[in-house]
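Shown next, in structure tokens, is the structure this report addresses.
No lab work stands behind these numbers, since they all come straight from the coordinates. None of these values were measured; they are calculated from a predicted model. All Cβ positions, even for glycine, are placed from backbone atoms using ideal geometry, and neighbour counts span all protein chains on display.
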Amino acid sequence: MSAFLFYFFSALTILAALLVVLNREAVTSAMCMIVALSGVAVLFVLLQAYFLAVLQIVVYAGAVMVLFLFIIMLLDTTARRIHVTEMNLVFGVAALVALAGGAIWLAHQYPNVTDLPAIQQLPTDQAPLAYATAAKTFGFGLFTRYMLPFQVAGFLLLIAMVGVIVLSKRPMVDGTKPPSGDPLR
Amino acid sequence: MQPGLQAYLTVAGILFAIGFFGVLLRKNTLVIYMCLELMLTASTLALVAFSRFYDTMDGALFVFFIITVAAAEVAVGLAIIVALYRRRRTVEVDELNYLKH
């Protein structure tokens with residue numbers, strides 16, 4: 001059953017990812033992207049990473065894609081033909097085949113572990129933190145071993161926030177208000 | 001047959017390749033951004049698979065940081081795209097060629 005779910009959802013994810021690239025409309029691309037990200041979340045569930053699956057849905061399929069859809073609809077770009085020259089297409093497909101083939105080859109260099117190791121539900125205090133499903137494990141890992149990266153990540157988010165505010169501020173020339181009307185001007 | 005580590009890594013590799021293909025082929029900046037997100041997601045899938053099959057928590061914890069960086073990157077990147085659109089009225093990369101002439 002779990003094997004069927006794996007093959008079904010990985011096929012769905014890959015198909016949706018291809019549609020992201022091949023769609024003409026940016027909005028349709030974004031919709032397919034939501035399907036692909038949700039498919040990855042299902043694969044996380046199959047790997048028993050339940051907390052990460054929820055995070056994937058909430059952050060990626062929720063917040064990030066809503067932001068994308070908002071910007072796509074705000075900018076209102078017209079769909080235009082994907083004009084690719086044959087040269088570009090040949091290079092693109094060659095890159096796709098080479099990269100996918102290389103990745104598959106590399107994946108087969110690893111010993112194929114098929115049995116999932118037994119997991120605890122709650123974190124234990126053994127030296128390399130063993131895999132556990134509870135959200136508590138993430139908190140335990142983040143606040144002990146990964147404390148410094150955690151702080152740096154928080155600071156990075158602050159920098160991103162300040163950067164976005166600076167970028168989206170309208171430039172004011174000698175204190176006068178910018179002419180209103182078009183919200184994008 | 002129960003899918004093992006290789007199966008998950010294969011899916012992650014194909015997703016990454018599709019994302020890369022999109023970055024190469026598409027001209028719309030927003031779609032290019034989505035393809036970048038796809039590549040990041042593929043890397044998180046590989047990390048979670050490694051972490052699960054080798055029974056360690058480190059990969060799963062690292063996914064946290066990838067998601068954080070991706071969220072920050074999307075916010076800043078979309079702000080840049082909007083600023084660019086305000087000035088140039090286009091998001092197509094082949095029309096953004098001021099440095100060329």
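Data overview
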| quantity | calculated |
| --- | --- |
| Prolate/oblate/rounded label for segment A:5-70 (Cα gyration tensor, a/c 1.5) | oblate |
| 3J(HN,Hα) from dihedral phi, segment B:67-72, Karplus parametrisation 6.51/-1.76/1.60, rounded to Hz, x for glycine, proline | 5, 4, 5, 5, 5, 4 |
| 10 Å Cβ neighbours from other chains, averaged over peptide A:11-21 | 5 |
| Gap separating the Cα centres of segment B:1-79 and segment A:1-61, nearest whole Å | 11 Å |
